[in-house]
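Read through the structure below, which is laid out as structure tokens, and then see the notes.
The values are calculated or read from the model by the stated rules, or taken from the named source; none is laboratory data. Given the structure is predicted, the values throughout are model-derived calculations rather than measurements. Positions of Cβ are backbone-derived with ideal geometry, glycine not excepted, and every protein chain shown enters the neighbour counts. Surface accessibility is based on the protein's heavy atoms, side chains included, excluding ligands, DNA and RNA. Shrake-Rupley method; radii C 1.70, N 1.55, O 1.52, S 1.80 Å.
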Amino acid sequence: MSEQAADTAVLVEERSFPPSPEFAAAANGTQDLFDRAGEDRLAFWAEQARRYVKWDKDFEEVLDWSDAPFAKWFVGGKLNACYNAVDRHVEAGIGDRVAFHFVGEPGDHEAVTYADMHVRVQRAANALIDLGLRAGDTVAIYMPNTPDAVAAMLACARIGAPHSVVFGGFSAEALRTRIDDVGAKLVITGDGLYRKGAPYALKPVVDEALASGETTVENVLVVQRTKQEIGWVEGRDHWWHEALEAADPTHEPEAFDSEHPLYILYTSGTTGKPKGILHTTGGYLTQAAFTNHVVHDIHPETDVYWCTADIGWVTGHSYTVYGPMTLGATQVIYEGTPDQPHKGRFWEIVQEHKVTILYTAPTAIRTFMKWGRDIPEQFDLSSLRLLGSVGEPINPEAWIWYRDVIGGGQTPVVDTWWQTETGAIMITPIPGVTAARPGSAQHPIPGVSALVVDDEGRPVERGSAGYLVVTEPWPSMLRGIWGDPQRFKDGYWSRFPGIYFAGDGARLDEDGNIWISGRIDDVMNVSGHRLSTAEVESALVSHAKVAEAAVVAASDEVTGQAICAFVILRQDAVEEADEVGEGAELVAELRNHVAHEIGSIAKPKKIMVVAELPKTRSGKIMRRLLRDVAEHRELGDVTTLADASVMNLISAGIASGK
Ligand code: 6R9
């Protein structure tokens, strides 16, 4: 058991909330699924694949694990993901069902039906082909959270061009790294988006990203959203609406192999270089749709479902685009932030669109708690019948508040554990079956084998903590890291040979529930966003005044963790700082520099300028001690420090405000 996993383990909560008999009676997820998966796991997944996905050609083999850890699911099967998300619903006669109630931050609305989406994805697919895109080419998407972003992703899937969505808050630098790594031929972006009450430019960031050096990007498609002034490169840049208008209105979806790459999504690992997580088509779609159906309990004919994640994150991929659309669900998609123009915006949207299922992150829930229950209490939230949580551990207090204040003390709450790498939900209560335990993700879904193991990879006893692992392959698992098969093997499959190591610590309680405590590696989780300490450190040391930097995550009441940086200045910067006394200014400059290098989500909450960093004799920074400082705790064991007096220096410097 690692020291860190032990000290972050959450307190055990004893209360239990069984589903109401009415909820259980109508629920999609039943005990029967566990029984069938228990009898024959592969037959169970084959059944789900045929139930949820329409195949152009049926598969011959469920799983080929002969080249482990590179899995092949539903071998020999052929399908088109965009057809599954759009065309099939139009063919089934439900084209006039609303796919998206789009809510723009400034208050504009648009209802987009499945038939509308059908028109859009066909034209967009042809527009991509007109720009020379072919199956296997990659496309970077850097867009506002709108139905057009969804259409852009689906148009790529339709022609077999893997997309790589980059969150609209990432910097030009971060965008460029991802474009280069994936070798994108095309970027689809917007002129801008509305966020925090103002238009925010996107296109200039793309221009900046593409300005330096040779690039693989040949064309840029620009969706008009804010109508702000933007630069234009003749021949390279094209308006999305003009390209769609000029394109042929009909496009026959092509059937691709079940293992055809669907997308690459970058996420932070333990080094400074983000990993391109690769997902393929058949298995991914199966598990995304299955979990969306049985965990979120979507009844597509009657529910209005709202996943608040941006499409730039995996949650938006699986639970706004591929899962719900494969089911033919009606959704809300919102562009902006929860406090625009007022702190009741989410609840106003729930009331107006009669949202029945809400899926959001603990950091948002804790923010709403801080703002006070009187805000949601001003709105009619009685349409809500199920609440979900994702992205980080949810503390029991926030769980109870969510259920009581937002769910009227009635709704099931599903705390869903999964990762960019797992592609879809892995551990969660099943709302019509499981008696929920606030703060615990509880049990693996039917067909998934997850365990808590000790240092040697042996399952821990009930009541003990250890590492979270997945012992059998699952359909939506990552198929690798783009361009780096070795990193895939080393990063996930070598800590416990042949077993997937998720990087999270967990605890098994006396009743067999799994409690996830958080990352045990150098990955931070800030408001549900993953960032590596190394990534932020390398952004800091790229600033001319910084000689060395160490970054740790400190617990934070609202964001779960907050980034705390310790920096050593270069000698000339120290002298300059002393002369002009620019402490606060320097800190602001460094924070902005990190925002420029990575994006605002990576801005350290706190930066402390120190004279030395605590290191072991082998030169490793002892982050554990820095965490103690950041969390105002008494220092732990300092005996392995090369120079124990360093900590006195740091503490003294911090006390004097230096
Ligand atoms: C979907 C998503 C994955 C990491 C994961 C873990 C944390 C996610 C959680 C949770 C406790 C939950 N995490 N869900 N921790 N309880 N219900 O968030 O993907 O951005 O890749 O993050 O998030 O630490 O390893 P991703």
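A few comments on the model shown:
- Cα pair distances of segment 21-507 binned at 20 Å [whole percent]: 24, 59, 16, 0
- Heavy atoms of residue 381 accessible to a 1.4 Å probe, total area in Å² rounded to 10: 20 Å²
- Beta bridges per DSSP, both residues in the chain: antiparallel share near 60 percent.
- In order through segment 455-462: 3J(HN,Hα) via Karplus (6.51 cos²θ - 1.76 cosθ + 1.60), integer Hz, x for Gly, Pro: 3, 8, x, 8, x, 7, 6, 4
- Placing +1 on the Cβ of every Lys and Arg and -1 on the Cβ of every Asp and Glu, with nothing else charged, gives the chain a dipole about its Cα centre of roughly 300 debye.
- Across segment 374-491, Cα-Cα distances exceeding 17 Å account for 65% of all pairs.
- Order of exposure, largest accessible area first, which applies to 303, 96 with probe 1.4 Å: 96, 303
- Under 5 Å between amide hydrogens, built in the peptide plane, is the criterion, and for residue 500 it picks out 470 among residues at least 5 positions away or on other chains.
- Ranking by accessible area, most exposed first, for 401, 515 with a 1.4 Å probe: 401, 515
- Pairs of Lys in segment 21-507 closer than 23 Å at Cα, counting only those 8 or more apart or on different chains: 17
- Under a 5 Å amide H cut-off, with hydrogens placed 1.01 Å from N, residue 138 pairs with 185 among residues at least 5 apart or on other chains.
- Solvent-accessible heavy-atom area per residue, rounded to whole Å², over the chain at 1.4 Å: 37 Å²
- In this label model, residue 639 and residue 461 are separated by 2.7 nm, measuring between points 7 Å along each Cα→Cβ vector.
- Residue-by-residue Karplus 3J(HN,Hα) for segment 628-638, coefficients 6.51, -1.76, 1.60, Hz, glycine and proline x: 4, 5, 5, 9, 6, 9, 5, 5, x, 4, 10
- For residue 600 and residue 236, the difference between the fully extended length at 0.36 nm per residue and the C-alpha to C-alpha distance is 128.2 nm.
- Taking the accessible area of the chain, probe 1.4 Å, and keeping the other protein chains in place, the carbon and sulfur fraction comes to 50%.
- Relative contact order [Cα under 8 Å, 6+ residues apart], segment 398-532, whole percent: 19 percent
- For residue 91, the accessible surface of its heavy atoms amounts to roughly 130 Å² (probe 1.4 Å, protein chains only, rounded to the nearest 10).
- Annotation: residue 377 carries an accessible surface of approximately 110 Å², with a 1.4 Å probe and no ligand, DNA or RNA atoms counted.
- Converting phi to 3J(HN,Hα) with the Karplus coefficients 6.51, -1.76 and 1.60 and the offset θ = phi - 60°, segment 78-94 yields 10, 7, 10, 5, 5, 4, 5, 8, 10, 3, 4, 6, 5, 4, 7, x, 10 Hz in sequence order, with x at every glycine or proline.
- Residues listed by number, segment 107-130, amide nitrogen under 20 Å from residue 216 label point at 7 Å toward C-beta: 128-130
- Close amide H partners of residue 524, meaning residues 5 or more places away or on another chain with modelled amide H under 5 Å apart, are 531, 532, 533.
- For segment 444-490 and segment 141-197, distance of Cα centres in Å: 30 Å
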